[in-house]
Amino acid sequence: MRHPAALAPLLAVTLALAPLTACGVDDTGPAPAGPAASGMPRVHERPSPAVHVYFYSATGLERVSRLHRGPDARQRAIEQLVRGPDAAERGRGLISFVPSGPGEPTLNVSARGTVDLFLPPDWELGRTALRQLVCTATDGAQDAEVRLHQADGGPPTIERCTR
């Protein structure tokens, strides 16, 4: 049998550490503390409207948001695409295969959602540039088709965005 005096240091350490095991929350539940945190005050109640443009990176096609206020968001997106990536986007490695001129494609969206894209004369597009145009023109529309019209007036081709 052990001597009780030998257990005294162990008992002293246990009693000294016991308060450290309690977290201080009682069983009464949360106490009312006022309104929830609201963060930084907003200048505008709704998020800023944006258009989405598709550029290429080392990993493939990437969607980029650009601020836009006003009508014809899809046409503005096409115009932004033709201008190409800005300095910050180029710094992130984004590039465009869409030619920067002369002229810009014109977009027409019917009330039923049909998208017609009219290319300017003398535009030669590879598959990568075409993919950028079609994805930008149909952004947010699931399984949307684009009727692509060449300047020479031939029959339109049907294109879809494959991301």
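The values are calculated or read from the model by the stated rules, or taken from the named source; none is laboratory data. Note that the structure is predicted; figures quoted are calculated from it, not measured. All Cβ positions, glycine included, derive from the backbone under ideal geometry; neighbour counts span all protein chains shown. Remember, those area values only see protein heavy atoms, side chains included, never the ligands or the DNA or RNA. Shrake-Rupley method; radii C 1.70, N 1.55, O 1.52, S 1.80 Å.
Once the Cα-Cα distance is subtracted from the 0.36 nm per residue extended length, the residue 92 to residue 160 segment shows a gain of 21.8 nm. For residue 57, neighbours were defined as the other residues whose beta-carbon sits under 15 Å from its Cβ, and their charges (Lys and Arg +1, Asp and Glu -1) total +2. Roughly to the nearest percent, how much of the accessible area of segment 58-163 is carbon and sulfur, given a 1.4 Å probe? Carbon plus sulfur share of accessible area: 49 percent.
Once the convex hull of all Cα atoms in segment 73-114 is built, its volume per residue stands at 85 Å³.
The convex hull defined by the C-alpha atoms of segment 80-155 has an orientation-averaged projected area of 5.9 nm². Positive contributions from Lys and Arg (+1) and negative ones from Asp and Glu (-1), summed over other residues with Cβ under 15 Å from the Cβ of residue 110, come out at 0.
Each residue of segment 137-146 was assigned a 3J(HN,Hα) from its phi angle through the Karplus expression (A = 6.51, B = -1.76, C = 1.60, θ = phi - 60°), giving 5, 10, 3, x, 9, 5, 6, 6, 10, 10 Hz with x at Gly and Pro. Modelled spin-label separation between residue 65 and residue 110, with each label point placed 7 Å from Cα along the Cα-to-Cβ direction: 3.2 nm. Positive contributions from Lys and Arg (+1) and negative ones from Asp and Glu (-1), summed over other residues with Cβ under 13 Å from the Cβ of residue 79, come out at +2.
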